[in-house]
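Input: a single structure, listed below in structure tokens.
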Amino acid sequence: QEDSCRGHFWEARFKSQALLDEQALLSCMAYVDLNPIRAGIAETPEQSAFTSVKQRIETPQEQDAIALALKRFDPREAETVAISYDLHDYLELVDYTGRAIHPTKRGYIAADTPPILVRLGID
């Protein structure tokens, strides 16, 4: 509206939703991280290009979070700028959610695919 833009792309497609708690934030993150799987572009989160979950898998938590441009996971809440949830639990959340078959979506993580922590070699 500020730039006087008109059309379907600007007027109807996008909506914003306030993420008021950590549960909403994690749900939204998982939804976005699963987009390539739901679209049938990738079979697993670690194979999906350009997602934060892939970046988190490929880059150890010990590296500088600012270099990642992602908030760190810290279940102890020792850092005020961190997500107070464990990274391994988030990976399991994404993996579990990605296995749900939705009738309007093309893709999902196949039932015979090993769990994500097994695939990544994480105990």
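The values are calculated or read from the model by the stated rules, or taken from the named source; none is laboratory data. Values in this document were obtained by computation on a predicted structure and should not be read as measured data. Here the Cβ is made from the backbone with ideal geometry for all residues, glycine too, and neighbour counts use every protein chain on show. The accessibility values were calculated without ligands, DNA or RNA, using every heavy atom of the protein model including side chains. Shrake-Rupley method; radii C 1.70, N 1.55, O 1.52, S 1.80 Å.
Quick query: amide H of Phe73 versus all other amide H atoms, modeled in the peptide plane; which residues come in under 5 Å with a sequence gap of 5 or more or a different chain?
Under 5 Å from the amide H of Phe73 lie the amide H atoms of Ile83, each far enough along the sequence or on another chain.
Order of 38-49, 86-97 by packing, highest average Cβ count within 10 Å first?
86-97, 38-49
Give me the 1.4 Å probe accessible area per residue for segment 22-61, excluding ligands and nucleic acids, in Å².
Working: 2090 Å² over 40 residues.
Here the per-residue accessible area is 52 Å².
If I model a spin label as a point 7 Å beyond the Cα along the Cα-Cβ vector, how far apart are those points for Thr97 and Phe50 in nm?
So the label points at Thr97 and Phe50 sit 2.0 nm apart.
Taking H placed 1.01 Å from N in the peptide plane, check which residues at least 5 places from Ala42 or on another chain put their amide H under 5 Å from its amide H.
When sequence neighbours closer than 5 places are left aside, the close amide H contacts are Ile37.
Work out, step by step, the length gained on full extension between Thr59 and Leu117: first 0.36 nm times the residue separation, then minus their alpha carbon distance; give nm to one decimal.
Net length gain for the segment: 19.4 nm.
What net charge do the residues around Pro36 carry, taking every other residue with its C-beta under 13 Å from that of Pro36, with Lys and Arg at +1 and Asp and Glu at -1?
So the environment of Pro36 carries a net charge of +1.
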